[in-house]
Amino acid sequence: MGTLINCKRTNMVKKNSEIMIPDEKVMDKIYLIREKKVMLDRDLAQLYNVETKVLKQAVRRNIDRFPDDFMFELNNEEFTNLRSQIVTSSWGGARYVPMAFTEQGVAMLSSVLNSRQAIHVNIQIMRVFTRMREMLSDTLSLTGYRGN
């Protein structure tokens, strides 16, 4: 059995050299924008332990891997609405509107960042997205919702 070590800087846990982030921490970083579940560049950069500008540069260098259904930039109105919902000082100095990544875009990020941490974090994020879909499906089946 592996040893658990708290990684103070990133609030992550290392288990058998695999990085583990609490599911709740990932779920808290998933937003509904344009009727899509997305994660923002700054949150992903924090999870990958890279600067946001490094993440954005990697995406821009590989922009063909990120069609609109994988990644889009928030417009000013979306950014303003999001900032008003997340009342933290860290949004105050943001100069550029964030990039929003869908589940497929997050999966693509591991190929452009190409680090061991990005791969492990992406695997965990994909598992969280899958659990969220399963929970929604279970909830809908319990309520008898059949859709149109």
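Selection of the stretch 99-116 for residues being in a loop (DSSP other than H, G, I, E, B) and surrounded by fewer than 16 Cβ atoms within 10 Å (Cβ to Cβ) yields 114, 115.
Output the residues belonging to the stretch 31-70 that are in contact (Cβ under 8 Å) with a residue 12 or more places away in the chain and of a type in the set (D, E, K, R).
Taking the stretch 31-70 and keeping what is in contact (Cβ under 8 Å) with a residue 12 or more places away in the chain, we get 31, 33-34, 36-44, 46-50, 55-56, 58-59, 61-62, 65-66, 69-70.
Correct list: 34, 36, 37, 41, 42, 43, 56, 61, 65, 69.
If I ask for residues that are part of a loop (DSSP other than H, G, I, E, B) and within 21 Å of residue 118 (Cβ to Cβ), which ones from the stretch 36-68 would you list?
From the stretch 36-68, those part of a loop (DSSP other than H, G, I, E, B) are 49-51, 62, 66-68; that's our starting set.
Residues satisfying the conditions are 49, 50, 51, 62, 66, 67.
With the condition kept exactly as written, say whether any residue in the stretch 71-86 is in a loop (DSSP other than H, G, I, E, B) and at pLDDT below 90. For the stretch 71-86, residues in a loop (DSSP other than H, G, I, E, B) and at pLDDT below 90: present. Residues that are in contact with a Ser or Thr (Cβ under 6 Å, 6 or more places away or on another chain) and either buried (at least 18 other Cβ atoms within 10 Å of the Cβ) or closer than 22 Å to residue 73 by Cβ (or both) within the stretch 20-51 comprise 36, 38, 41, 42, 45, listed in sequence order.
Within the stretch 10-35, the set of residues being modelled with pLDDT of 85 or more, of a type outside the set (Asp, Glu) and not in a helix (DSSP H, G or I) comprises 29, 30, 31, 32, 33, 34.
The residues of the stretch 113-141 that are β-branched (Val, Ile, Thr) and over 12 Å from the mean Cα position of the chain (by Cα), listed by number, are 119, 130, 139.
The values are calculated or read from the model by the stated rules, or taken from the named source; none is laboratory data. These numbers come from a predicted model, not from an experiment. Positions of Cβ are generated from backbone atoms using ideal geometry, with glycine treated the same way; all protein chains shown enter the neighbour counts.
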